[in-house]
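The values are calculated or read from the model by the stated rules, or taken from the named source; none is laboratory data. Computed from a predicted model, the values in this text were never measured in an experiment. Please note: Cβ atoms are built from the backbone with ideal geometry, for glycine as well, and neighbour counts cover all protein chains shown. Only protein heavy atoms, including side chains, enter the accessible area calculation; ligands, DNA and RNA are left aside. Shrake-Rupley method; radii C 1.70, N 1.55, O 1.52, S 1.80 Å.
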Amino acid sequence: EKDGFEHFMLKEIYEQPNAFRNTLLNRIDEDGKQIVLKDFPLRPEQINRFEKIFIVACGTAYHAGLIGKNVIEELARIPVEVDVASEFRYRRPIISEKTLVIVVSQSGETADTLAALRESQRLGAKVLAITNVQGSSIAREADYVLATFAGPEIAVASTKAYTSQVIVFYLLGLYLAQVKETLAETERECLIANLRQLPEQAEKALQHADDIRVYAESIKNHASLFFIGRGIDYAVALEGSLKLKEISYLHSEAYAAGELKHGTLALIEEGTPVIALVTQKELEEKMVSNITEVKARGGNVLAITLEGNVELHRNVDEVCFVPATLPVFTPILTVIPLQLISYYTSLALGNDVDKPRNLAKSVTVE
Ligand code: F6R
C-alpha cells in the first residue's frame, strides 16, 4: 500500500500534485474565469455581511490558516484573525452573526477544533469547515464544508493534507474576491490560470529530492536550526520548522526575519544552519539584509527561492529553486523542499518517520 515508497510520508509528499488536481476539480468554470463553490452556497448579500473572518485550527492546519489569512486579506480584503483552537475556545472570542468562522482539520476529529466550532455556532456565527474526512464530526456539525481531496493521510506528519488545505484557501480567497469584486476580471483570470499550473509545478519541485538528501545529511548533527521568512514566507517557515521537529527531533525555530535582531541573532553560531525563504520580490532586499546579518555570525544559509532568482547565490551558501509563480501561490511550492528536508533528516537519523515518538495522528483529547 506504500506503492513502492519506503514510507507513507514520502508517498504522500509525492501524491501532492494529484491531491491538488482533485481538490481543484469542478471548482473552476470551463473557461477559467470564475471560481465555483457549490458547497458554500451563500448569497452575495450574505457574504457581504461578513465583517470579519476567524480561522481556527491546530498544528499544521493552523499553519495552513496563516496562509489563508494572507490570501483572503490580499485578494478579498476582509480582515482575518487566525487562532490556535485550544486558545480560541477559552478566550471569549468576539464573534457575532457578522463573523465567518473557518475551522481547518485534516481528520475532522481534533477535540479543540471541534469545541471551537461548537462555541462559534453558540455565539451565532456560521462555520465553514475545511476537512479531508467527509463523515467526520467536524464535517457533520459545520454549516458548510469545503473538502480537500487529498485521499487518506497515514503518516503522522501532515503533508498533502496541508497543501490541499492551502489550495482550498486559494479557491476561497478568489471566490470571496469574485463576490466582493475586489479584483479586476483580468487579474482574477490571471490568478486562476496560475492556480491551475500548481499541480505541474509541484511535480517539478519534487525533482530536487536528491540534492535535499545531501543537505539533510549535512544538518542532521546540528543542535539547532532556524527557519526565517517575511510575510507569507514566514508562515511557510513555521510549517517547515514544525515538520522538522516532529519527525527528526532536532530543535528548530521559525522567525519572522525582521525579528532576528531583537534577540534570536544571539543564537547564531559558526555553522548554525539557517533556512531562508525568499520568494516575495518586494521583501527581498530586506531578506538579503537579514541573511547578511546571519552570515556575519557564521550561519550557514540555504535559501529557497523562485527559479530565475540567480543573484541570490551571491548572498547565501546554497540555493534551492522552485518553479516561479505569483507571490500568493509560492507557499505551496516552497513547502515541498521543506517537507523533503524533514523526511530525509528523519531518515538519516534512523527515526520512525511515519510514527514519530509521543505523537498521534488524530488528537481527540484536549
Ligand atoms: C503535524 C500534524 C498536526 C496536525 C494537528 C491537527 O504534521 O499533523 O500538527 O495538523 O494535530 O490535526 P487535524 O488537521 O486532523 O485537526
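You will find that of Ala150, Ala161, Ala157, Ala129, the residue that is touching a residue at least 12 places away in the same chain (Cβ under 8 Å), outside any helix (DSSP H, G or I) and either of a type in the set (Asp, Glu) or in contact with an Asp or Glu (Cβ under 7 Å, 6 or more places away or on another chain) (or both) is Ala157 and no other.
Given the criteria more than 16 Å from the ligand (Cβ to nearest atom) and either crowded, with 19+ Cβ neighbours inside 10 Å or at negative phi (or both), does Glu30 qualify? Before the answer, list the steps.
Details: more than 16 Å from the ligand (Cβ to nearest atom): yes; either crowded, with 19+ Cβ neighbours inside 10 Å or at negative phi (or both): yes.
Criteria met by Glu30.
Scanning the stretch 139-178 for residues that are closer than 25 Å to Arg118 by Cα, crowded, with 24+ Cβ neighbours inside 10 Å and within 12 Å of the ligand (Cβ to nearest atom) returns Thr148, Ser158, Ala161, Tyr162, Ser164, Gln165.
When you check Phe88 against the structure, is it more than 19 Å from Ile167 (Cα to Cα) and among the aromatic types (Phe, Trp, Tyr), yes or no?
Working: more than 19 Å from Ile167 (Cα to Cα): yes; among the aromatic types (Phe, Trp, Tyr): yes.
Answer is yes for this residue.
For Phe88, the conditions (1) surrounded by fewer than 22 Cβ atoms within 10 Å (Cβ to Cβ); (2) modelled with pLDDT of 95 or more; (3) aromatic (Phe, Trp, Tyr) are fulfilled apart from (1).
Candidates are the residues of the stretch 317-359 that are open to solvent by less than 60 Å² (accessible area, probe 1.4 Å) and over 28 Å from Asn300 (Cβ atoms); the one that is farthest from the ligand (Cβ to nearest atom) is Leu326.
Residue-level check: of (1) within 18 Å of Lys245 (Cβ to Cβ); (2) in contact (Cβ under 8 Å) with a residue 24 or more places away in the chain, Ser362 misses just (1). Output the qualifying pairs, or none if there are none: Cβ atoms under 8 angstrom, residues six or more apart or on different chains, first residue in the stretch 11-22 and among the acidic types (Asp, Glu), second residue open to solvent by 80 Å² or more (accessible area, probe 1.4 Å). Hits for this filter: Glu12/Ile154. Among the residues of the stretch 220-244, those that are assigned to a strand (DSSP E or B) and of a type in the set (A, V, I, L, M, F, W, C) comprise Leu225, Phe226, Phe227, Ile228.
Every condition in (1) of a type outside the set (Phe, Trp, Tyr); (2) open to solvent by 30 Å² or more (accessible area, probe 1.4 Å); (3) within 26 Å of Asn351 (Cβ to Cβ); (4) touching a residue at least 24 places away in the same chain (Cβ under 8 Å) is met by Asp210 except one, and the failing one is (4).
Residues that are without any contact (Cβ under 8 Å) to a residue 60 or more places away in the chain, over 20 Å from Asp211 (Cβ atoms) and open to solvent by less than 40 Å² (accessible area, probe 1.4 Å) within the stretch 268-292 comprise Ile268, Thr272, Gln280, Glu284, Met287, Val288, listed in sequence order.
A single member of Ile212, Ile192 is within 22 Å of Ile332 (Cα to Cα) and in contact with a helix residue (DSSP H, G or I) (Cβ under 6 Å, 6 or more places away or on another chain), and it is Ile212. Close Cβ contacts (under 6 Å, 6 or more residues apart or on different chains) running from residues in the stretch 113-124 that are closer than 10 Å to Val101 by Cα and assigned to a helix (DSSP H, G or I) to residues that are among the aromatic types (Phe, Trp, Tyr) and open to solvent by less than 50 Å² (accessible area, probe 1.4 Å) comprise Ala116/Phe88. Residues that are crowded, with 22+ Cβ neighbours inside 10 Å and either more than 21 Å from the chain's Cα centre (by Cα) or part of a helix (DSSP H, G or I) (or both) are absent from the stretch 249-256 altogether. Answer with yes or no whether Thr99 is more than 16 Å from the ligand (Cβ to nearest atom) and open to solvent by less than 20 Å² (accessible area, probe 1.4 Å). When the stated conditions are applied, Thr99 passes them.
From Glu217, Glu239, grab the single residue that is surrounded by 16 or more Cβ atoms within 10 Å (Cβ to Cβ), at pLDDT 95 or above and either touching a His at 6+ places or on another chain (Cβ under 8 Å) or among the acidic types (Asp, Glu) (or both). Steps first, answer last, please.
On the way: Glu217 fails: surrounded by 16 or more Cβ atoms within 10 Å (Cβ to Cβ).
Residue meeting the stated conditions: Glu239.
Within the stretch 105-136, the set of residues being open to solvent by 20 Å² or more (accessible area, probe 1.4 Å) and over 14 Å from Ala61 (Cα atoms) comprises Ala115, Arg118, Glu119, Gln121, Arg122, Leu123, Gly124, Lys126, Gln134, Gly135.
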